[in-house]
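Asks: Quick one: the structure is below, questions incoming.
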Amino acid sequence: MSLIPMKEILQDAYLKKYAVGAFNTNNMEITQAIFNAAKEEKSPLIIMCSDTAIKYMGMDYLIAMIKAGAKESGIPAALHLDHGKSIDIALQCIKSGFTSVMIDGSHLDFKGNVEITKEVIKAARPARVTVEAELGKLGGIEDNVIVLGKDACLTDPQEAVKFVTDTDVDALAVAVGTSHGAYKFEGDAILDIERILTIRHAVNIPLVLHGASGVSEEVINKATMYGAHLPGAKGVPEESIKKAIENGITKINIDTDIRLFFTTAIREILFTKPDIFDPRKICGPAREAVKETVRVKMKLFGSSGKA
Ligand code: G3H
Ligand code: 13P
Ligand code: ZN
């Protein structure tokens, strides 16, 4: 199957009130794990890359791998640019075969965010490429930009209405209490579910939850057992994810959990089998661990069986 616009994947989820996971990839094993999970779960798929991930892999390698995954799996999949910070990178992705781009103008003022989003939409629409924007500021770390707690601000529902009207964007990332990375909450894990519901009623487009990794105690304990140092790591509880979906979230971004499960599997092998140095025997189990992680997310999000 060839890649399809993300909008088509989100439309079905929006109407039927389930969510589709958007999973970050950085290499071949993670790419294969994500496609294999989607195939086994019969789930529609959004696979995505940040611009630093594109630089790491190289655009041509990345596109070739994703096309191979889509063809081999036969799953309806979209290739999405995650947190595109400039018009240039968005245009480059549109030209290279991405079927969706995020233009992240959340660091700009409202007017600047509207302008950059409209500019990308102008190029994306004729190419049938979906556009996601972000309004509000998540806490955490994005591409080496640290958004500290006091600067993070939740999405204002009235501003969201104006933003969607002014831009005609296809999907909107909202800030409702999550943040990127493995340290999401200093105290209790609290998401502003009411805010999701209010925005959902105010704008009629799919809403996106960034920073949604679970950072389970199980993976942190295992990683720690094999040498990791991640004190205080905390993610979004499964119950909050379920509530977020019930109240209007349609796309859910996951990167940190993939990184944690991938590297924990590698730590375990290197620690327990010190005689092993064949990369396939190290990366193979890591690929398996990521596949299982992604399958669990697909079940949780309700996208299993929807492809
Ligand atoms: O939100 C950002 C993603 O988690 C990926 O960021 O690939 O630039 O580290 P990165
Ligand atoms: P996590 O860091 O919680 O996995 O969030 C990833 C994300 O939002 C990518 O855009
Ligand atoms: Zn994000």
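The values are calculated or read from the model by the stated rules, or taken from the named source; none is laboratory data. The model shown is predicted, which means the values in this text are computed figures rather than measured ones. All Cβ positions, even for glycine, are placed from backbone atoms using ideal geometry, and neighbour counts span all protein chains on display. Note: accessible area is taken over every heavy atom of the protein model, side chains too, but ligands, DNA and RNA are not part of it. Shrake-Rupley method; radii C 1.70, N 1.55, O 1.52, S 1.80 Å.
Asks: Given (1) away from ligand 2 (no atom under 16 Å from the Cβ); (2) of a type in the set (Val, Ile, Thr); (3) at pLDDT below 95, where does Val164 come up short, assuming only one miss?
Replies: It is condition (3) that Val164 fails.
Asks: What are the pairs, 6+ residues apart or on separate chains, where a residue within segment 69-82 that is without any contact (Cβ under 8 Å) to a residue 24 or more places away in the chain and under 15 Å from Thr52 (Cα atoms) has its Cβ under 6 Å from a residue that is open to solvent by 10 Å² or more (accessible area, probe 1.4 Å) and of a type outside the set (Ser, Thr, Tyr)?
Replies: Filtered contacts from segment 69-82: no entries.
Asks: Further question on the same structure: Going through Ala244, Ala307 one at a time, which residue ends up being under 30 Å from Gln11 (Cα atoms) and over 18 Å from the mean Cα position of the chain (by Cα)?
Replies: It is Ala307.
Asks: Among the residues that make up segment 255-267, is at least one of them surrounded by fewer than 16 Cβ atoms within 10 Å (Cβ to Cβ) and either within 21 Å of the chain's Cα centre (by Cα) or within 16 Å of ligand 1 (Cβ to nearest atom) (or both)?
Replies: No.
Asks: Still on this structure: What number of residues in segment 192-211 are touching a Gly at 6+ places or on another chain (Cβ under 8 Å) and open to solvent by less than 20 Å² (accessible area, probe 1.4 Å)?
Replies: 4
Asks: Now for a different question. Among (1) surrounded by fewer than 19 Cβ atoms within 10 Å (Cβ to Cβ); (2) of a type in the set (Gly, Ala, Ser); (3) assigned to a helix (DSSP H, G or I), where does Gly232 come up short?
Replies: (3)
Asks: For segment 12-68, how many residues are within 26 Å of Ile87 (Cβ to Cβ), touching a residue at least 60 places away in the same chain (Cβ under 8 Å) and open to solvent by 60 Å² or more (accessible area, probe 1.4 Å)?
Replies: The qualifying residues number 2.
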